[in-house]
Amino acid sequence: MSCVCSAVVALLLGPTCTQGAMASPCPAPDPPYLPQSPGDMRAYADLLRADFEGYFADVQAYFRCLDDERARAITEAREVSEAYGRSQRAQQ
């Protein structure tokens, strides 16, 4: 199998094979519970408000984490690509 084919296979299979084994650097917050009953919503309005405000703050932090992780991955991919290019030139 050529080097390019091996790389493509690794890219295609890699995420599926390691998905469960690798923890996300940016865990998504769990959405808050919202009762279906209007009576429960009124009875627990203060708790629900606090839960939703906490969720909105957590989801903003999650988005910032995803942005940071994306930037890190782009930098890493560029560095790996440059290293691969150097190794290919050195073999010639």
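Overview of values
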read-out	value
Cβ-Cβ FRET estimate between Tyr62 and Arg42, R0 fixed at 25 Å, reported to 0.05	0.25
Simple spin-label estimate for Glu53 and Glu79 in nanometres, 7 Å along Cα-Cβ	4.1
Selection of chymotrypsin sites (Phe, Trp or Tyr not before Pro), segment 29-70, meeting DSSP coil and at most 13 other Cβ within 10 Å	Tyr33
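The numbers here are math on the coordinates, done by the rules we state, and not lab data. Predicted, not measured: the structure shown is a model, and the values here were computed from it. Here the Cβ is made from the backbone with ideal geometry for all residues, glycine too, and neighbour counts use every protein chain on show.
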